[in-house]
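Taking it in order: structure first as structure tokens, then the write-up.
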Amino acid sequence: MISAEKLCVAVLVSKAALQFIQGLSLRSEYVVPEEVKAAGFQICADELGSIVEGHDSKKLIIHGGVDGIAEKLAISKTDGLSTDEDSIKRRQDIYGINKFTESEICSFWVFVWEALQDTTLIILAVCAFVSLVVGIAMEGWPKGAHDGLGIVASIMLVVFVTATSDYRQSLQFKDLDKEKKKIQVHVTRNGFRQRLSIYDLLPGDVVHLAIGDQVPADGLFISGFSLLINESSLTGESEPVAVNEDNPFLLSGTKVQDGSCKMLVTTVGMRTQWGKLMATLSEGGDDETPLQVKLNGVATIIGQIGLFFAVITFIVLSQGLFSKKYHEGLLFSWSGDEALELLEHFAIAVTIVVVAVPEGLPLAVTLSLAFAMKKMMNDKALVRNLAACETMGSATTICSDKTGTLTTNHMTVVKACICGNIKEVNGPQNSSKLCSELPEIVVKTLLESIFNNTGGEVVFNQDGKYQILGTPTEAALLEFALALGGDFKAKRDETKIVKVEPFNSTKKRMSVILELPGGGHRAHCKGASEIVLAACDKFLDETGSVHPLDQTTADKLNGIIDSFAGEALRTLCLAYREMEEGFSIMEHTPLQGYTCIGIVGIKDPVRPGVKESVATCRAAGIMVRMVTGDNINTAKAIARECGILTEDGIAIEGPEFREKSLEELLKLVPKIQVMARSSPLDKHTLVKHLRTTFNDVVAGTGDGTNDAPALHEADIGLAMGIAGTEVAKESADVIILDDNFSTIVTVAKWGRSVYINIQKFVQFQLTVNVVALLVNFSSACFTGMNAPLTAVQLLWVNIIMDTLGALALATEPPNDDLMKREPVGRTGKFITNLMWRNILGLSFYQFFVMWYLQTQGKDFFGLEGSDTDDVLNTIIFNSFVFCQVFNEISSREMEKINVLKGMMKNYVFMAVLTSTVIFQFIMVQFLGELANTTPLTVHQWIASVLLGLAGMPIAVAIKLIPVGSS
């Protein structure tokens, strides 16, 4: 990714340049370009950009402030811009669109060129060229060119298969990149508030921003409360910047840390400060995942072993020729045939290195991850970080949010305690009945509290129907107030909001201060019931009169809170306070002296399938823990309903957890299943302890800005795609697009699938490596014969085991059995004892077959005549390939006997097997000269296939040998 230092330098340079230009000429009169006037606007894009990017307050005043800019952009600050097509088109033509110029996808030929850079392939290409020159000089065209052309054809096949695979991956990652950038914002257009993609924003749009949102374009602050902007992504400064009427400049790419506001978009796309930086700096690609790093190490070691064997093989093959030449005294006089023989020995040595270097290992990881990422998109999980796929397969603990993840995230008020009486209010009839039973003053105060002290809003769409915008909790309260007969707009117009302290997870309350029509101020507060009730010293009785809150009434109200929570209701307390004469809005909102209006119980039903998903996790050895800001009784009730809280589990509150010593935490943390009333720091601490002290692989879920530290700390951060803020999504590795816990289990299943698929592929490839090395090495060293597998044949085997093998085994879909085994965890070995057992067992069988055919093959098949060696080598090559075909089937399961289950449904696997067999048939029967083969009889074909097939029952027998699972 782009380094913070580079960004800071770029920002400082651009600011200095702007200030220099402004110092040269601060124009008091701005001349509007003719094309801008003709389009109906009074300010051009460059002028707008210089105001916001340069934080140029003087120039902003010259243009009439935010009101003047809105007028020059031909929009209304309250109704937004007009959406008729002609107006939008003119605006786009003058100001551009909100998209950044993306780097072009590399063409297929670039990947071909990269594949050709492989050192061993270059050496083989040189061998092929020399072979062509010497062969044609000795035997003429075309006979003398067969060996050289065979190697060239094999190299091209390897190159094109590798390039095609890499090119397809690049396209896939490009699609996923586009999906990552799909961000929606709230915008007012034509007087109606609506959700809009950030790509559709235009200068003049009125955007609504809240905590956790990313600023989608450069713009100016219209109105808002307590707005703090984190500009660290641009400037590197971690200290948040207060944005208000005095400092109204908002830059794209920054994030809302606190408060809310309405923003007027002024500059979009490549003209924004972020866009200009994107033009000068290029983003880096994905880093290698931990497994790829580990496998690169394995590949290097195997490659070095292969190089050693290759050198020995070349020396052994060539020593006879050199000693003969030495004895004849012709060491410096070589014939064409002798040069070709030496070249063939060198080509075999190089090809042994090609086969030995398992370049397919990292390819298998990338293929498997890319395949899993694509499939997970269909299963509603967007992977932002490649490594998360494989890490999720090792997860031992999931720290889950409650609201929206375990529950449906559609909240409704079902019970209320107002004026001391508990009423059922789930339904409009019950609500209107409650309204008629309450004193008018209480209803008036209650509606004033709900409609003003909210981060939500009631808006009307083009059909005239109302729509509630805001968090699920805010929406539930607003729905309740509307059911009581309240009018949102009328109630808001009665008073003026002069100060807002938005809800945050530390205070667990939200407050507003209203200026009353007759003068004076009133504060309204709502939040966690225990906290707000503790701030009250008065309450409203059945007649609507205010009475002191004595201990008896406080105990009664606390009992009601507990009873609501016991029914798995989320409780909120609403309170107000009349402010004293002379109160200044610059003072802090008071924390005590409130009058309790009432307590509401909000129900958020558990999502369907969550209980089953938690049970699946438990069976898979994954511990699910719930971390929530809710009351402990509510949290325990929901946790029991989901199957998270068991008899031996512990439920604890955040404040209590904070006070525990390190020794106590060591005993406590493994048993914690529910943490209620938790702050962001509590969640972060829990995740950190699980990761470091207990060596767990932790997956953390969350949706709010407050969850970002824990998501960042966890091994895999999972953010909610619907309810999640942009800050949470930015900190996460995976975005759960449907906010459903069941999807998290699907991600775990895919993670395990990726891990085990790569293990299967490694087992398959190491078996081929061991046998190919031993066959060529042993035949060269011990039989005195030439290596039975030629360079072209070994290259074909390399394609089977590297690219095609990766494609077949790395794209196996997950099955339910994956969630019945223990997780690998942080310390699990990648190449297990089971894998070594299978690799060594099958390698021994295949090597025995090859050795037997080499030494006894002529007698076994009754071969006679001049072409005996060619036929035998072809049989050995054919049998070797079929050993790999059936070994690929056996590798589908490392422990289970039934390896055929589900094979026919895996179309990629079947396509790879079929194409391997067809191409092998063509090579043997029709590419004789090029592939160094000779056509075989039906009996010889049957024998080759049966020798390969015999590997399957032997693989079954090997699986019955007991070894430790680690």
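The values are calculated or read from the model by the stated rules, or taken from the named source; none is laboratory data. All values derive from a computational prediction rather than experimental measurement. All Cβ positions, glycine included, derive from the backbone under ideal geometry; neighbour counts span all protein chains shown. SASA here: full protein model, heavy atoms, side chains in, ligands and nucleic acids out. Shrake-Rupley method; radii C 1.70, N 1.55, O 1.52, S 1.80 Å.
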Give me the percent relative contact order of region 390-465, please, defined on Cα pairs under 8 angstrom at least 6 residues apart. 12 percent
Treating the angle as unsigned and between 0 and 90°, give the value, to the nearest 10°, between the Cα long axis of helix 85-95 and the longest Cα principal axis of the chain. 70 degrees
Taking the chain as the reference, fit the longest principal axis to its C-alpha atoms, fit the long axis of helix 632-642 to the helix C-alpha atoms, and give the angle between the two in degrees, 0 to 90, nearest 10. 40 degrees
Sorted on mean Cβ neighbours within 10 Å (highest first), peptides 58-67, 867-876 come out as 867-876, 58-67
Solvent accessible area, Å² - W750, 1.4 Å probe, full protein context: 20 Å²
Förster-model FRET efficiency, 41 Å R0, K489 and V31, C-beta, rounded to 0.05: 0.45
Ranking M156, M263, M910 from most to least accessible area with a 1.4 Å probe gives M156, M910, M263
Mind checking the angle between helix 868-890 and the chain's longest principal axis? C-alpha axes, 0 to 90 degrees, to the nearest 10. 20 degrees
Place the peptides 316-322, 401-407 in order of packing, highest mean first, counting for every residue the other Cβ atoms within 10 Å and averaging per peptide. 401-407, 316-322
By accessible area with a 1.4 Å probe, ligands and nucleic acids excluded, highest first: order of Y167, Y907, Y845, Y594: Y907, Y167, Y845, Y594
Relative contact order %, region 652-718, counting alpha carbon pairs below 8 Å whose residues are six or more apart: 28 percent
Using label points projected 7 Å from each Cα along Cα→Cβ, tell me how many nm separate Q184 and I942, to one decimal. 6.5 nm
In whole Hz, the Karplus estimates of ³J(HN,Hα) for region 581-591 (6.51, -1.76, 1.60; θ = phi - 60°; x where Gly or Pro) are 4, x, 5, 10, 5, 6, 6, 5, 5, x, 9
Counting only C-alpha contacts under 8 Å and six or more residues apart, can you give the relative contact order of the chain as a whole percent? 12 percent
Mean Cβ neighbour count within 10 Å, used as a protection proxy, ranking 536-547, 765-776 highest first: 765-776, 536-547
Accessible area of region 873-966 divided out per residue, in Å², using a probe of 1.4 angstrom: 47 Å²
Computed accessible area, C435, all protein chains, 1.4 angstrom probe, square angstrom: 40 Å²
Extension gain, D550 back to E895 (0.36 nm per residue minus Cα-Cα distance, nm): 117.3 nm
Using a 1.4 Å probe on the protein chains only, how many percent of the accessible area of region 860-904 belongs to carbon and sulfur? 53 percent
Rounded to the nearest 0.05, what FRET efficiency is calculated for F308 and L665 with R0 set to 45 Å and r the Cβ-Cβ distance? 0.30
Rule-of-thumb Rg ratio for region 616-719 [Cα; 2.2 N^0.38 Å; N residues]: 0.99
For region 841-966, the Cα gyration tensor yields equivalent-ellipsoid semi-axes (√(5λ), largest first, whole Å) of 29, 19, 10
Under a Cβ-only charge scheme (Lys and Arg +1, Asp and Glu -1), can you give me the dipole magnitude of region 444-566 about the Cα centre, in debye to the nearest 20? 340 debye
What is the projected area of the convex hull of the Cα atoms of region 551-627, averaged over all directions, in nm²? 8.8 nm²
May I have the count of lysine pairs in region 825-966 with C-alpha atoms under 30 Å apart, counting pairs 8 or more residues apart or located on different chains? 7
Of all accessible heavy-atom area on region 484-540, the percent that carbon and sulfur account for (1.4 Å): 55 percent
With a 1.4 angstrom probe the carbon and sulfur portion of accessible area for region 669-753, in percent, totals 51 percent
Heavy-atom accessible area ranking, 1.4 Å probe, most first, across V500, V311: V311, V500
In nm, to one decimal, how far is the V917 label point from the W334 one, both placed 7 Å along Cα→Cβ? 4.4 nm
Calculate, for region 639-681, the solvent-accessible area per residue in square angstrom, rolling a 1.4 angstrom probe over the heavy atoms of the protein chains. 54 Å²
Kindly write out, for region 554-568 in residue order, the coupling ³J(HN,Hα) from the Karplus curve 6.51 cos²θ - 1.76 cosθ + 1.60 (θ = phi - 60°), rounded to whole Hz, with x marking Gly and Pro. 4, 5, 4, 5, 5, x, 5, 4, 5, 5, 4, 5, x, 8, 6
FRET efficiency for S76 and L681 from the Cβ-Cβ distance with R0 = 45 Å, rounded to 0.05, comes out at 0.55
Per the rule of 0.36 nm per residue minus the C-alpha distance, extending N833 to D817 adds in nm 3.7 nm
So, with +1 on the Cβ of K and R and -1 on the Cβ of D and E, and no other charges, what is the size of the charge dipole of the chain about its Cα centre, to the nearest 20 debye? 1400 debye
Given the DSSP H assignment, sum -39500 (n - 2.57) over each helix run of at least 4 residues in the chain and divide by its residue total; what's the result at 222 nm in deg cm²/dmol, nearest 500? -16500 deg cm²/dmol
Surface per residue (accessible, 1.4 Å probe) for region 511-587, Å²: 45 Å²
